[in-house]
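Asker: I am attaching a structure below and will ask some questions about it afterwards.
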Amino acid sequence: MEESFRFDEEIYENAITIDLSNVANKASALYSISKRTMDIVSSLVGLILLSPLFLLVAILIKLDSKGPIIFKQIRIGKNSKPFYIYKFRSMKIDAPNLSTEEFINASDFTTKVGKFIRKTSIDELPQLVNILKGDMSIVGPRPVIEREVRLLEIRKECNVDSILPGITGL
């Protein structure tokens, strides 16, 4: 009985070895292509289905306050590459260019429509365009503002910098 589990060196020396690194690379490439395809399809479907909501929000923003409908801000994406992130404008045009956490009195600068679209995350929907452009993905860590230097350093140390940022923040 013990002999059946005996290691036979001669069989081992004649065994065929398989290099799986090529398989892993192909799997990784397939995953990347599949993820990008799902991002494009999902964002296109989202843009088409939500276009009436986009129109309604755009009209409400224009009626509520002066300024552009879309707010754009430089964020840091994959491999520390800067890009413009798009959002529906929820702040008055004279609001300082700060992150929400940096505001002492953010509500003083938030528009009436802005309060609602922020609460419901509707302000994030224009980022579907960022996904089509390849700047973002649906799933990924949130993109960082340029001034958040320490967070950018931590992301590089933890290799999060190599991941495409996403809308979901996962």
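Asker: So Arg142 clears everything in (1) part of a helix (DSSP H, G or I); (2) surrounded by fewer than 17 Cβ atoms within 10 Å (Cβ to Cβ) except one condition, right? Which one?
Answerer: (1)
Asker: Next question, about the same structure. What do you reckon, is Leu55 closer than 30 Å to Val45 by Cα and open to solvent by 50 Å² or more (accessible area, probe 1.4 Å)? Talk me through it step by step, then tell me what you get.
Answerer: Values: closer than 30 Å to Val45 by Cα: yes; open to solvent by 50 Å² or more (accessible area, probe 1.4 Å): yes.
Yes: the conditions hold for Leu55.
Asker: With respect to Ser32, determine if the residue is modelled with pLDDT of 80 or more, assigned to a helix (DSSP H, G or I), of a type in the set (Ser, Thr, Tyr) and out of contact with any strand residue (DSSP E or B) (no Cβ under 6 Å at 6 or more places or on another chain). First the steps, then the outcome.
Answerer: Values: modelled with pLDDT of 80 or more: yes; assigned to a helix (DSSP H, G or I): yes; of a type in the set (Ser, Thr, Tyr): yes; out of contact with any strand residue (DSSP E or B) (no Cβ under 6 Å at 6 or more places or on another chain): yes.
The answer is yes for Ser32.
Asker: Identify, please: which residue in the stretch 71-118 is crowded, with 19+ Cβ neighbours inside 10 Å, under 19 Å from Gly169 (Cβ atoms) and among the small types (Gly, Ala, Ser) and is, among those, farthest from the chain's Cα centre (by Cα)?
Answerer: Ser90
Asker: With respect to Ala24, determine if the residue is in a loop (DSSP other than H, G, I, E, B), at pLDDT below 95 and open to solvent by less than 100 Å² (accessible area, probe 1.4 Å). Spell out the reasoning first.
Answerer: Numbers: in a loop (DSSP other than H, G, I, E, B): no; at pLDDT below 95: yes; open to solvent by less than 100 Å² (accessible area, probe 1.4 Å): yes.
So Ala24 fails the test.
Asker: Out of all the residues in the stretch 87-111, which are assigned to a loop (DSSP other than H, G, I, E, B), among the charged types (D, E, K, R) and at pLDDT 85 or above? Working first, answer last.
Answerer: Step one: of the stretch 87-111, the residues assigned to a loop (DSSP other than H, G, I, E, B) are 89-90, 92-99, 103-105, 111.
Still in the list and also among the charged types (D, E, K, R): 89, 92, 94.
Those that are assigned to a loop (DSSP other than H, G, I, E, B), among the charged types (D, E, K, R) and at pLDDT 85 or above: Arg89, Lys92.
The values are calculated or read from the model by the stated rules, or taken from the named source; none is laboratory data. Computed from a prediction, not measured in an experiment: that's the story for all the values here. Cβ atoms come from the backbone with ideal geometry, glycine included; neighbour counts cover every protein chain shown. We work out accessible area using only protein heavy atoms, side chains counted, and drop any ligands, DNA or RNA first. Shrake-Rupley method; radii C 1.70, N 1.55, O 1.52, S 1.80 Å.
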